[in-house]
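Report on the structure given below.
The values are calculated or read from the model by the stated rules, or taken from the named source; none is laboratory data. All of these numbers come straight from a predicted model, not from anything done at the bench. We place every Cβ from the backbone using ideal geometry, glycine too, and count neighbours over all the protein chains shown. SASA here: full protein model, heavy atoms, side chains in, ligands and nucleic acids out. Shrake-Rupley method; radii C 1.70, N 1.55, O 1.52, S 1.80 Å.
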Amino acid sequence: MSGSLSLPVDRFDTEVLGLHWIPLPEADENTAAVLRERLGVDFPPVADEPWESGGFAYFPVTFRYPRGESLVDARVVLALGADFVVTRQPAEPFVPFDAAVAEMARTPALTRSPHGVLYALLRALNETSERVVAHAADDVDALAGLVGGLSGGAGALRDVSARLDRAERTVAQVRETQRGLARAARHLRAVHADELGAPVAALLAAIEAADARAQGVQDRVRHVEAALAAHLALRRTRLRTLLALCAAGLVPLLMILGYLAFSA
């Protein structure tokens, strides 16, 4: 593990983990009410910026994660208190947090405190961002190759344009995710520097690196979009030239009709 903790490593115990981490599914209003009464932890319906209340620091994070062949939008709120980290999440179990559980199994010292658990959760979310960015980068590279040799009709052009738009929205979401992760990581560094200083510094570097890769994919999307626009402009120029030649009687009308049919 990059920037591993220097704490002693003991056996992983889910009961110990349960002493510091409470996953709260969004639909479980009964448990939410109990936690609100007993711990003072509360999750407003909508909050996009970090806040502090009742002894907890809250960090909302929106992100996308792979599920099958598609990407799924999700939102979690990570609430860090003195004794617990409570995660308001879509469901329990929650696939993006599987990597955090695996991390804590490898490094049981993380389960000894809520901030250790939060560190593992943030790492898992950042790894999710890294996978999403890598997938988007591969897709954009494939689209760049398509634009370079594109000879299909308008339908093929629309498909490429739609896929570029999806890739751009995906990496834009990743960059928003990274901002949320960085806020939580900086809080850990500020409040628990003695215990988590080196690991969190490595985590922040990884968060920034994923954001930089997402920005690179954004730039690549714009480059491919410019190439696509140039391709479309060339097609329009050719069509205008053919129409002008047709009007002058130099090109048969059937050639124009064939060109239009091919471009549909």
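Counting only residues that are free of Cβ contacts under 8 Å to residues at least 40 places away in the same chain and open to solvent by less than 20 Å² (accessible area, probe 1.4 Å), which one in region 57-75 is nearest to the chain's Cα centre (by Cα)?
Ala74
Taking the conditions exactly as written (within 25 Å of Thr87 (Cβ to Cβ), touching a Leu at 6+ places or on another chain (Cβ under 9 Å) and open to solvent by 50 Å² or more (accessible area, probe 1.4 Å)), does His115 satisfy them or not? Before you say what the answer is, go through the steps one by one.
On the way: within 25 Å of Thr87 (Cβ to Cβ): yes; touching a Leu at 6+ places or on another chain (Cβ under 9 Å): yes; open to solvent by 50 Å² or more (accessible area, probe 1.4 Å): no.
No; evaluated as a whole, the condition is false for this residue.
Of (1) open to solvent by less than 50 Å² (accessible area, probe 1.4 Å); (2) closer than 30 Å to Val224 by Cα; (3) out of contact with any Ser or Thr (no Cβ under 8 Å at 6 or more places or on another chain), Glu130 satisfies all except one. Which?
(1)
Checking Pro45 against (1) outside any strand (DSSP E or B); (2) within 14 Å of Gln178 (Cα to Cα); (3) of a type outside the set (Asp, Glu): exactly one of these is not met. Which one?
It is condition (2) that Pro45 fails.
Considering only region 82-101, how many residues are of a type outside the set (Phe, Trp, Tyr), open to solvent by 10 Å² or more (accessible area, probe 1.4 Å) and more than 17 Å from Glu130 (Cα to Cα)? Show your work before the answer.
Taking region 82-101 and keeping what is of a type outside the set (Phe, Trp, Tyr), we get 82-83, 85-93, 95-96, 98-101.
Next, only the ones that are open to solvent by 10 Å² or more (accessible area, probe 1.4 Å) stay: 82-83, 88, 90-93, 95, 98-99, 101.
Okay, now just the ones that are also more than 17 Å from Glu130 (Cα to Cα), so 82-83, 88, 90-93, 101.
Count: 8.
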